[in-house]
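The values are calculated or read from the model by the stated rules, or taken from the named source; none is laboratory data. Note that the coordinates shown come from a computational prediction; the quantities given were computed from them, not determined experimentally. FYI the Cβ positions are ideal-geometry reconstructions off the backbone, even for glycines, and counts take in every protein chain you see.
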Amino acid sequence: MSVPTPPGNPGPAPGLARDDEDTRGSRSRGGSSVAPGRTQTRPSARAARETGRIQTRGATARPGGRDRARSAASDTLYGTSTQGLTNARTRIVGDRTGFRADLVIVVVRLWRSVTRTVSGWARIASGVVTPVGWVVLVLTPVCLVAGYLLGWVELVAVGFALLVLLCLATLYAVGRSSFTIALDLPHRRVAVGDVAIGRVTVSNPTRRRVLGVTVEIPIGQGLAEISLPGLRAGDSIDDEFSVPTQRRGVIPVGPVRTVRGDPIGLVRRELDWTGMIELFVHPEPSGSPRRAPA
């Protein structure tokens, strides 16, 4: 049933009537009504708290993210990342752990120590054992093994004889010499054809007797060899040698070295005792008689 509109009060405009209907419909559905063209200026307290929490989290996370990105970029540019760093364990077993990895590490370290020790002894033996000694050292186990496998008693006897020789040669090479040796050239400059004499002094400063030793003195391209007897406690001995001066030039004399070895020549141990001395041989002056240096 329609209500007549008074003649002095015109009805609402068509647009406003529709707006009122929409407003009433929204209210009936339980929603909030907002007039068209207006914004909501008062949000609820819960929405404000949620908004502030989200903003706070964003403000806290963004600087950290930038720092992590900056650190990663710095590691990439300057190589400070720990990803490429390795040690002995990682080079051997990588990232593996457990009993097997530990066992591999122990075996590798033990093998390296044994190899280092054997190489050190081999280096020392290479300077002491002569070529004849190396041949005997190889033949000894060959004779013993072949003799026992083939049942040759003679070959086994040869192997044991070579083993005894090696043991005796080792005793000759082991030990230290307790004496002192000095080298002297009275004249460092001579003329061609003059007599040049060198002197070697061997002393025993200990309280016990020392055995005789062979002394070698390199002279230019030659070699002077002197066999010195044993010395009692506190004794000393001098021995002289001549230096050839037939040609002008500089002749190196020394260093004096002692040689210890077995009579067969399986081992030879050399030890330097002095430095090298240079002898200058000058041309003979013309018109002057040849004389020995005073």
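Given the structure, is Val158 surrounded by 15 or more Cβ atoms within 10 Å (Cβ to Cβ), in a helix (DSSP H, G or I), modelled with pLDDT of 90 or more and not small (Gly, Ala, Ser)? Yes.
Restricting attention to the range 152-173, the residues that are under 25 Å from Leu211 (Cα atoms) and β-branched (Val, Ile, Thr) total 2.
Going through (1) over 37 Å from the mean Cα position of the chain (by Cα); (2) of a type in the set (Ser, Thr, Tyr); (3) assigned to a helix (DSSP H, G or I) one by one, Thr140 falls short only on (1). For the range 180-195, name all the residues that are at pLDDT below 90 and either touching a Phe, Trp or Tyr at 6+ places or on another chain (Cβ under 9 Å) or of a type in the set (Gly, Ala, Ser) (or both). Across the range 180-195, the qualifying residues are Thr180, Gly193. In the set (1) part of a loop (DSSP other than H, G, I, E, B); (2) surrounded by 15 or more Cβ atoms within 10 Å (Cβ to Cβ); (3) among the aliphatic types (A, V, I, L, M), the condition left unmet by Ala233 is number (2).
Return yes when Gly220 is within 21 Å of Pro283 (Cβ to Cβ), under 43 Å from the mean Cα position of the chain (by Cα) and surrounded by 13 or more Cβ atoms within 10 Å (Cβ to Cβ) and no when it is not. It is true that Gly220 is within 21 Å of Pro283 (Cβ to Cβ), under 43 Å from the mean Cα position of the chain (by Cα) and surrounded by 13 or more Cβ atoms within 10 Å (Cβ to Cβ).
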